[in-house]
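Where a number appears in this text, it was derived from the coordinates with a stated rule and is not lab data. Quick caveat, the model's predicted, so the values are computed rather than measured. Don't worry about glycine lacking a Cβ; one is built from the backbone with ideal geometry, like all the others, and counts go over all protein chains shown.
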């Protein structure tokens, strides 16, 4: 993408309304624009990150056997009356009426609707296990939305729902999502630690939050240092093997880990001081087992191998991709801006032409751009006539993993400079070597 | 994907509520489920088609220079009061209030919001042309939603918005989208004919509908037969060349073409009888130029090369991917079910194991499945123990372009049968040859 044809509205000043660093940097880097309280447009740079994050989530959901669907945002109140949540949910639910005066709502979550889909079609235990997920906008009418997309009203959520014959099956489904989440966050460069959680308004009796550590995190968390060295399950993990998956979950739930609400001081004090890690954390995922909480009132049952009807045992599994992006920035930034992990960077590199109009600089840039693009790399080519200082500041702010700097003096020597955004290391090298290093095929 | 682990709730009976063939087939093939009047969940098979359709739309929008963003579904009424449309829009707009009693609405379209984004950042003609699009759910509270996703209340829409300094620039932007739409629909196997259109509530003075021909189309259309042989612009079309793009638009707007509302009987009767094509059509895209209709009341202006402020000249460009899928089915089906064009088929082929449990059938299927999947093909492997007749009926109904039939007799001879869903042609061939023909690398 040529920057001259891109829409990247960088802000020079720190926006006053932004209280946390991710909000500030997302506004400054032109990733999002606030449209109303707790409501954001994702501008081109932000949309690219959102897509990359969603792709990783999707790949790991699919790998774990979940199937993607898409449920509508607007739901009928009728469904929520069946589960009893229509009256119970409170003012965070955005309620509305259509032109025929029917009560509707903007879905804050989808347990009822997916249970309705299930009961409409599935009759036999032979069709289980089943796990359906979607990535769809949700609305929760927070009384005081803030922190940008970290706590907004309209937000994207990946929510998966598992259906099994009995608790044993549901536990296996829960474990698959648990392991899927470990892989998902690791692929984004994050250190995520599962912590036993309160189940809240979703209900249920088994739940984990996935917390990433970030100095600017919203809450206090406590865990054993062992987490930092636990091996993360690889791409070859066999999600069809309940024992293997269960073993991974066991390893990741054995050391102590707790959020503030669930913290047990007496257990904590029994852990050696050098092994305790007390830090700030941000919740990026939440999984629940809630058994028959919805299947029973809504009549979602299957015939079991015993010929009898069984209400299915369910779980739900959420990740907020929009919130997750803010969390990634909280974990990876410096004074100059964002430092994207490669897997979710909006572009793989910035190609900085120091002197557009100079025939040699232009030629080298065009060739580099064509070569890397052909190799499948996403290159943001800064072909604008901004001053060099401004170009460097922009590249640092938007945080692409690499900067390739093409100036007249280097080009005359057949060289370019490459800079690693994370380490700050700069290296001058032959043009072909730079192309090679950055992925030219 | 193994069918035994997939969620494909086929209906054996024709659902009574479905009045048109696409609605009937989408329900029967387990693509969608109705959740409320005019509101649908997309089940796994439907979601795959939706993704493929959106990917083509996205690629062609990007090729034409449009930039993808994502605006929220819920909008502030304030914005719509600025343009004057909040009161003008009528009961199709879903209005609501948040917990602070602020008037909000579920966006039926996004002219106001995107104009707000524009005016917040863009100051100079040097930042033009600009075209921003998103693919987002919309809500229009139709008084009588029907025909499935063809006329639903909550629907997906790709809406692009162009911003230019003057009419000339806006016309060039309009032309780029015009050509982009020709390519988009052609890639989906559709014959789309642009027809001059009424501008309706969006307003403006230049507008085309893109109509595809289908026997079961909703409206009567009239056009010159020349359209059927006009060359569609290729992937090498230079969207940076206004003259080239303008020439294509000229060629595609010269022969007579009109919907019922815009039909001029006297012009029509002047066309030779053999050259007239009177047919049924379905609208799948709509583009508008509306100049300063929103930029003026909302104060979206840039400094021109003359140093003066100019309200920008705008256009909007819509395609409804969910509706488009129904239109594709209206155009491509037979008595047995859907016949997907390859580019939007949910899977490339059905692999039908006629005798699961038979060691040789299983082995051949597994190898075939692994080989084609590794080559990047989407294979739906029917490994269920359903009877052969049911497997064939399902494969025909869901309309994958190819069926690969693996039975014990063929396998003993080293052969499989492949069937082309569109032509019905069957061919028995060596296993390796079949794999080769269907894309094994």
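Could you give log10 I(q)/I(0) at q = 0.19, 0.23, 0.32 Å⁻¹ for the range B:360-408, computed by the Debye formula over C-alpha point scatterers of equal weight, without solvent?
-0.66, -0.94, -1.33
Mind pulling the angle between the C-alpha long axis of helix B:44-63 and the longest principal axis of chain B? Nearest 10 degrees, somewhere in 0 to 90.
With both axes taken from Cα atoms, the answer is about 50 degrees.
Each label point is 7 Å from the Cα along the Cα-to-Cβ direction; what then is the distance between the points at residue B:336 and residue B:367, in nm?
Those two pseudo-labels are separated by 2.7 nm.
If you rank B:2, A:153, B:151 by fewest surrounding Cβ atoms within 10 Å, what's the result?
Values: B:2 15, A:153 25, B:151 19.
In order of increasing Cβ crowding within 10 Å: B:2, B:151, A:153.
I need the calculated FRET efficiency for the pair residue A:238 and residue A:306, taking r as the beta carbon distance and R₀ as 30 Å, to the nearest 0.05.
Between residue A:238 and residue A:306 the formula returns 0.55.
Provide the percentage of antiparallel DSSP beta bridges, counting only those with both residues in the range B:347-438; round to the nearest 5.
Working: 9 of 18 bridges.
If we restrict to bridges inside the range B:347-438, about 50 percent are antiparallel.
If we restrict to alpha carbons, what Rg and Dmax does the range B:29-122 come to, in Å?
Spelled out, the Cα radius of gyration and Dmax of the range B:29-122 are 16.9, 47 Å.
With Rg and the Kirkwood Rh both taken from Cα atoms, where does Rg over Rh land for the range B:132-263? Could you put the intermediate results ahead of the total?
Numbers: Rg = 15.8 Å, Rh = 16.5 Å.
Looking at the range B:132-263, the ratio lands at 0.96.
Using C-alpha positions alone, give me the convex hull volume of the range B:104-207 per residue in cubic angstrom. Walk me through the numbers on the way to the answer.
Values: hull volume 14.5 nm³, N = 104.
It comes to 139 Å³ per residue, whole-number rounded.
Considering all alpha-carbon pairs of the range B:1-80, what whole percent are spaced by more than 18 angstrom? Mind showing how you got there, number by number?
Numbers: 1920 of 3160 pairs.
In whole percent, the long-distance tail amounts to 61.
Counting only other chains, what is the mean number of Cβ atoms within 10 angstrom of the Cβ of each residue in peptide A:69-81? If you can, show how the numbers build up before the last one.
Details: counts 10, 13, 7, 13, 7, 12, 3, 4, 1, 1, 2, 0, 0.
Mean partner-chain Cβ count within 10 Å for A:69-81: 6.
Using a 10 Å cut-off on Cβ to Cβ distances, tally the other chain neighbours for every residue of A:112-124 and report the average as a whole number.
So the per-residue partner count for this stretch is 2.
Work out Dmax and Rg for the protein assembly as shown from the C-alpha atoms and quote the Rg first, both in angstrom.
Spelled out, the Cα radius of gyration and Dmax of the protein assembly as shown are 28.1, 95 Å.
Closest approach to the A-B rotation axis by any Cβ of A: residue and distance in angstrom?
Closest to the axis: A:96, 2.
Find every distance from the label point of residue B:299 to the corresponding label point in the other copies (7 Å from Cα along Cα→Cβ) and write them in nm, one decimal, shortest first.
5.7
Mind giving me the nanometre distance, one decimal, between the label points for residue B:267 and residue B:250, set 7 Å out from Cα along Cα→Cβ?
Reported label-point gap for residue B:267 and residue B:250 is 1.8 nm.
Using only Cα atoms and rounding to the nearest 10 degrees, what angle (0 to 90) does helix A:242-253 make with the longest principal axis of chain A?
Tilt of helix A:242-253: around 70 degrees.
With an 8 Å Cα cut-off and a minimum separation of 6 or more residues, compute the relative contact order for chain B in percent. Provide the component values of the computation, followed by the final result.
Numbers: 883 pairs, mean separation 74.0, N = 441.
Computed value for chain B: 17 percent relative contact order.
Go ahead and run the numbers for FRET between residue B:409 and residue B:440, Cβ-Cβ distance against an R0 of 25 Å, rounding to 0.05.
Details: r = 23 Å, r/R0 = 0.92.
Calculated value: 0.65.
Between the helical axis of A:111-121 and the dominant principal axis of chain A, each derived from Cα atoms, what acute angle in degrees is found, rounded to the nearest 10?
70 degrees
Find every distance from the label point of residue A:198 to the corresponding label point in the other copies (7 Å from Cα along Cα→Cβ) and write them in nm, one decimal, shortest first.
In ascending order, 5.8 nm.
Could you identify which residue out of B:346, B:15, B:194 has the top mean-square fluctuation in a GNM of chain B using Cα springs shorter than 10 Å?
With Cα springs under 10 Å in chain B, the top fluctuation among B:346, B:15, B:194 is at B:15.
So, how do all the Cα-to-Cα distances of the range B:324-394 break down into 10 Å bins, in percent, from 0 on up?
18, 40, 32, 10, 0
I need B:159, B:266, B:166 ordered by Cβ neighbour count within 10 Å, fewest first.
Values: B:159 22, B:266 6, B:166 14.
Ascending number of Cβ neighbours within 10 Å: B:266, B:166, B:159.
In nm, one decimal, shortest first: how far is the label point of residue B:388 (7 Å from Cα along Cα to beta carbon) from the matching points in the other copies?
7.6
With springs only between Cα atoms under 10 Å apart, run a GNM on chain A and tell me which of A:305, A:408, A:145 wobbles the most.
Of the options given, A:305 has the highest mean-square fluctuation.
Quick check on the range B:250-369: take the gyration tensor over C-alpha atoms, sort the square-rooted eigenvalues as a ≥ b ≥ c, and tell me if it's rounded (a/c under 1.5), prolate or oblate. Walk me through the numbers before you get to the answer.
On the way: a/c = 4.04, a/b = 1.72, b/c = 2.35.
The shape class here is oblate.
With n ≥ 4 as the cut-off for DSSP H runs, can you work out [θ] at 222 nm for chain B, using -39500 (n - 2.57) per run divided by the number of residues, rounded to the nearest 500? If you can, show how the numbers build up before the last one.
On the way: 14 runs with 142 residues, N = 441.
Rounded to the nearest 500, it is -9500 deg cm²/dmol.
Once you average over the residues of B:91-98, how many Cβ atoms of partner chains fall within 10 Å of each Cβ?
Working: counts 3, 1, 1, 7, 3, 8, 4, 10.
Average neighbour count from other chains, rounded to a whole number: 5.
Of B:328, B:271, B:339, which is the most mobile in a GNM of chain B whose springs link Cα atoms less than 10 angstrom apart?
Among B:328, B:271, B:339, the largest GNM mean-square fluctuation belongs to B:271.
How large are Rg and Dmax for the range A:3-338 when calculated on the C-alpha trace, in angstrom?
Taking only Cα atoms of the range A:3-338, I get Rg and Dmax of 20.6, 68 Å.
Using the beta-carbon distance between residue A:432 and residue A:4 and R0 = 35 Å, what value does 1/(1 + (r/R0)^6) give for FRET efficiency, to the nearest 0.05?
Values: r = 26 Å, r/R0 = 0.74.
After rounding to 0.05, the efficiency reads 0.85.
May I ask you to give the average projected area over all directions of the convex hull of the Cα atoms of the range B:347-438, in nm² rounded to one decimal?
The Cα convex hull of the range B:347-438, projected and averaged over all directions, gives 5.1 nm².
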